[in-house]
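This report refers to the structure that appears directly beneath it.
The values are calculated or read from the model by the stated rules, or taken from the named source; none is laboratory data. Just so we're clear, the structure is a prediction, and the values are computed from it rather than from any experiment. Cβ coordinates were reconstructed from backbone atoms using ideal geometry, including for glycine residues, and neighbour counts include every protein chain displayed. Side chains are part of the model used for accessible areas, which takes the heavy atoms of the whole protein and leaves out ligands, DNA and RNA. Shrake-Rupley method; radii C 1.70, N 1.55, O 1.52, S 1.80 Å.
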Amino acid sequence: MNYGKICSEAISLADGIKLDIPKPTSIIFAGVGGSGIAGDLVKDVVRDDVDIPIEVARGYTLPNYAREN
């Protein structure tokens, strides 16, 4: 299986989808242990393309600033 090709196809399929959701003020990935790795990967990949803070919470609580948006 060609993982890169699958990812490219998924991105192109989603390219025309428009969602009516409010823009978040920050993004928090929550994961303990290995579960936080996905958040680290996303944070590293999109760091230069996203203009809001991205945080990876690696405990059993979220940061104090965490809200619904």
*Might you check whether a residue that is free of Cβ contacts under 8 Å to residues at least 12 places away in the same chain, open to solvent by less than 90 Å² (accessible area, probe 1.4 Å) and not aliphatic (A, V, I, L, M) occurs anywhere in the range 13-26?*
yes
*Considering E68, E9, which residue is open to solvent by 70 Å² or more (accessible area, probe 1.4 Å), out of contact with any Gly (no Cβ under 8 Å at 6 or more places or on another chain) and outside any loop (DSSP other than H, G, I, E, B)?*
E9
*Sort out which residues of the range 1-32 are touching an Asp or Glu at 6+ places or on another chain (Cβ under 9 Å) and aromatic (F, W, Y), and write them in order of number.*
F29
*Would you call D49 free of Cβ contacts under 8 Å to residues at least 24 places away in the same chain and exposed (fewer than 10 other Cβ atoms within 10 Å of the Cβ)?*
yes
*Residue satisfying condition, being in contact with a Leu (Cβ under 8 Å, 6 or more places away or on another chain), modelled with pLDDT of 85 or more and open to solvent by 50 Å² or more (accessible area, probe 1.4 Å), within set A38, A30*: A30
